[in-house]
Ligand SMILES: [Mg+2]
């Protein structure tokens, strides 16, 4: 992880789009600050493509794709794509209808199992806006200690699901996508960039454990300062780190990218 100030202009100039995490990257403790929103507009007005890549629900993706100056959202840790279409949005999940139905039934069963075995663990308050990802709140509206988080993770894995952890939630899914494969699938289907092109042309900005796959998948990767708290659990850390945390750090990264362009 190197200081953002060391980012070479030539590397920043090659970027055509920015993929970015939401919680504790663009959002500061859940809030979209004025400076983070201004940074999104500045990137958009400079002609960069913008795609949110988040563990948050597809229902959130539908709202931000309609309202923010962005081109799309890869939600539920890669599984669900939301893209602007005319005055509305199009939402897609990979797989046939029968496959999606079967995976949903398995996920519902897993949610019931967790409720029975660990009744003190609560689903995130955005659970109803999710299509194919279950999320339990471990650090948003309630605090769950590390021992119980580990137990929850063991339970999810024992049921055959995949699990990831954001700064606020523990996720479970039966989808095969992670944030990186979901983001690359999005970039290929909407912008025609295959994985090789995406690697060099798209930057990623994140902050925590569930961003690890994206830190590994893209060449130009940025962390906001709070990513340092996850340094030990990230197999591949971001290459560049902003001096400030959360939305303020995102704004610094946007300025660094834009400074190279004129
Ligand atoms: Mg995050």
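Each value in this text was obtained by applying a stated rule to the coordinates, not by laboratory testing. Predicted, not measured: the structure shown is a model, and the values here were computed from it. Cβ: placed from backbone, ideal geometry, glycine included. Neighbour counts: every protein chain shown.
Some notes on this structure:
- From helices alone, the chain scores -11500 deg cm²/dmol at 222 nm; the rule is -39500 (n - 2.57) for each run of n ≥ 4 DSSP H residues, then divide by the residue total.
- Among 104, 25, 54, the largest mean-square fluctuation in a Gaussian network model of the chain, built with springs joining Cα atoms closer than 10 Å, belongs to 104.
- One decimal place: the segment residue 6-residue 231 gains 79.1 nm when fully extended, by the rule 0.36 nm per residue minus the C-alpha distance.
- Prolate/oblate/rounded label for the chain (Cα gyration tensor, a/c 1.5): prolate
- Protection proxy ranking of 234-244, 180-190, 38-48, 112-122, by the mean of other Cβ atoms within 10 Å over each peptide's residues and highest first, is 180-190, 234-244, 38-48, 112-122.
- Crossing angle, helix 146-158 versus the chain [Cα axis fit, 0-90 degrees, rounded to tens]: 70 degrees
- Whether region 34-153 is rounded, prolate or oblate, judged on the alpha carbon gyration tensor where a/c under 1.5 counts as rounded: oblate
- On Cα atoms only, tilt of 246-259 relative to the major axis of the chain in degrees: 30 degrees
- Using a cutoff of 8 angstrom between alpha carbon atoms and counting only pairs six or more residues apart, the relative contact order for the chain works out to 25 percent.
- The modelled label-to-label distance for the pair residue 127/residue 44, using points 7 Å beyond Cα in the direction of Cβ, is 3.3 nm.
- Each Cα pair under 8 Å and six or more residues apart adds its separation to the average, and for region 97-173 the resulting relative contact order is 29 percent.
- Comparing mean-square fluctuations of 23, 145, 194 from a GNM of the chain with C-alpha springs under 10 Å, the top value falls on 145.
- In region 1-130, Cα pairs under 8 Å separated by at least six residues give a relative contact order of 17 percent.
- C-alpha long axis of helix 34-45 to longest principal axis of the chain, angle in °: 60 degrees
- Shape category assigned to region 97-173 from the gyration tensor of Cα positions, a/c cut at 1.5: prolate
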